[in-house]
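The values are calculated or read from the model by the stated rules, or taken from the named source; none is laboratory data. Quantities reported herein were computed from a predicted structural model and do not represent experimental measurements. Cβ placement follows ideal geometry from the backbone for every residue including glycine, while neighbour counts extend to all protein chains displayed. Side chains are part of the model used for accessible areas, which takes the heavy atoms of the whole protein and leaves out ligands, DNA and RNA. Shrake-Rupley method; radii C 1.70, N 1.55, O 1.52, S 1.80 Å.
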Amino acid sequence: MNKFYQKDIISIKDFDKEQLEEIFSFTDKIMRMDSTERREISKGKTLAYLFYEPSTRTRLSFDSAIASIGGNSLGISDISSSSTQKGESLADTVKIMSIYSDVLVLRHPLDGSSRFAAEVSSKPVINAGSGTEEHPTQAIQDLFTIKKEKKMIDGLKIGIVGDLKYGRTVYSLLHGLGNYDVDVHLISPESLRIRTDSTYEIKKRLSFSESTDIEEHIDELDVLYVTRIQKERFPDEEEYLKVKGSYIVGMDLLKKMKDDAIVLHPLPRLDEISTDIDSTKNAKYFDQAEYGKYTRAALLGLTLNQDGF
Ligand code: CP
């Protein structure tokens, strides 16, 4: 039996290198299939999505992914139109939605929400972003993008810049990178440095340096992963205003990078990457969003099919 069958996807920490590489080969396989063959993978299966926070890419790529493998989707993208407005709990909402579906995709502002949902759900739960803690399917998409665009992950020098305190994609990516032999350079304002409670665990598997200066190792990087400063997670707007616009990746900076370096961003972006970068060969953030559809189709196919595909 395929080892991912009926398994929750809660944390990237639950995946080792072998499992990640297996998901990447299934993603490659899906990308090579024609649409008729692809639609047989999870024919008739239903995905339910439950989003307590806004989303464009994650929700729509799951929607598109399940349709591409022959399934369908239903769900709640605007929580104000659901019975949570009448006071229904997360537990009851999850239990009901798992009755109507084969897999449940949850985004929620609280750390631990997906793990809790998995405990009460009768169907597998996929974490589509939980608080400031994790966004595992984004990390799988990010690692796949690096592998696809750089042809390897081991041996690369990767810069991660922006909001390292509140950005959940950063934590999942760092834990995912812990499976590889990479050199990581973290760049953030002093007040947005990576949280020390997480560094203890990350340091066991990954070597990284920290700086406030984006130019410090810019000419050595193979990958620059840019993140948005997460205004919505700041307890105090004054603190946000102090760091807003701290880093802007523009042509001047790009010219200092290796010719074949790639620029990634989980998106949405505000002003942290200038739009004139978009048309350069280095900009891979829109490809990254496209790969997200295929990595999610692979994850769904593996979760929903006993024998894989
Ligand atoms: N990258 C990401 O999670 O984007 P959305 O918030 O639009 O889903």
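Just to be sure I understand, how many residues within the stretch 232-269 are without any contact (Cβ under 8 Å) to a residue 24 or more places away in the chain and either among the hydroxyl-bearing types (Ser, Thr, Tyr) or under 26 Å from Ala283 (Cβ atoms) (or both)? If you could, list the steps in order and put the result at the bottom.
The first filter runs over the stretch 232-269 and keeps only residues without any contact (Cβ under 8 Å) to a residue 24 or more places away in the chain, leaving 232, 235-238, 240-241, 244, 252, 255, 259.
Of the ones still in play, those that are also either among the hydroxyl-bearing types (Ser, Thr, Tyr) or under 26 Å from Ala283 (Cβ atoms) (or both) are 232, 240, 244, 252, 255, 259.
Looking only at that region, the number is 6.
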*asked:* Given the criteria away from the ligand (no atom under 16 Å from the Cβ), outside any loop (DSSP other than H, G, I, E, B), among the hydrophobic types (A, V, I, L, M, F, W, C) and open to solvent by 20 Å² or more (accessible area, probe 1.4 Å), does Leu241 qualify?
replied: yes
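For (1) open to solvent by 50 Å² or more (accessible area, probe 1.4 Å); (2) at pLDDT 95 or above; (3) in the same structural domain as Leu173 (by TED's automatic domain parsing); (4) within 16 Å of the ligand (Cβ to nearest atom), each residue gets a yes or a no:
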| position | (1), (2), (3), (4) |
| --- | --- |
| Asn2 | no, no, no, no |
| Lys7 | yes, yes, no, no |
| Asp28 | no, yes, no, no |
| Leu47 | no, yes, no, yes |
| Leu50 | no, yes, no, yes |
| Leu60 | yes, yes, no, yes |
_Name the residue that is least open to solvent (accessible area, probe 1.4 Å), counting only residues in the stretch 165-184 that are within 16 Å of the ligand (Cβ to nearest atom) and in a loop (DSSP other than H, G, I, E, B)._
Gly167
*asked:* Cβ-Cβ distance below 6 Å, separation of 6 or more or different chains: which pairs start in the stretch 127-152 with a residue that is on the phi > 0 side of the Ramachandran plot and end on one that is open to solvent by 10 Å² or more (accessible area, probe 1.4 Å) and among the hydrophobic types (A, V, I, L, M, F, W, C)?
replied: Gly131/Leu110
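Somewhere in the stretch 75-97, is a residue away from the ligand (no atom under 16 Å from the Cβ), within 27 Å of Asp34 (Cβ to Cβ), crowded, with 20+ Cβ neighbours inside 10 Å and not β-branched (Val, Ile, Thr)? Lay out the reasoning, then the answer.
Residues of the stretch 75-97 that are away from the ligand (no atom under 16 Å from the Cβ), as a first pass: 80-97.
Filter again for within 27 Å of Asp34 (Cβ to Cβ), leaving none.
Checking the stretch 75-97: not a single residue is away from the ligand (no atom under 16 Å from the Cβ), within 27 Å of Asp34 (Cβ to Cβ), crowded, with 20+ Cβ neighbours inside 10 Å and not β-branched (Val, Ile, Thr).
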*What is the number of the single condition among (1) within 17 Å of Ile160 (Cα to Cα); (2) open to solvent by 40 Å² or more (accessible area, probe 1.4 Å); (3) not small (Gly, Ala, Ser) that Ile229 does not meet?*
(2)
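When you check Ile262 against the structure, is it at pLDDT 95 or above and either open to solvent by 70 Å² or more (accessible area, probe 1.4 Å) or over 22 Å from Asn179 (Cα atoms) (or both), yes or no?
Values: at pLDDT 95 or above: yes; either open to solvent by 70 Å² or more (accessible area, probe 1.4 Å) or over 22 Å from Asn179 (Cα atoms) (or both): no.
Answer is no for this residue.
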*Could you list all residues from the stretch 99-137 that are open to solvent by 10 Å² or more (accessible area, probe 1.4 Å), under 15 Å from the mean Cα position of the chain (by Cα) and among the polar types (S, T, N, Q)?*
Thr132
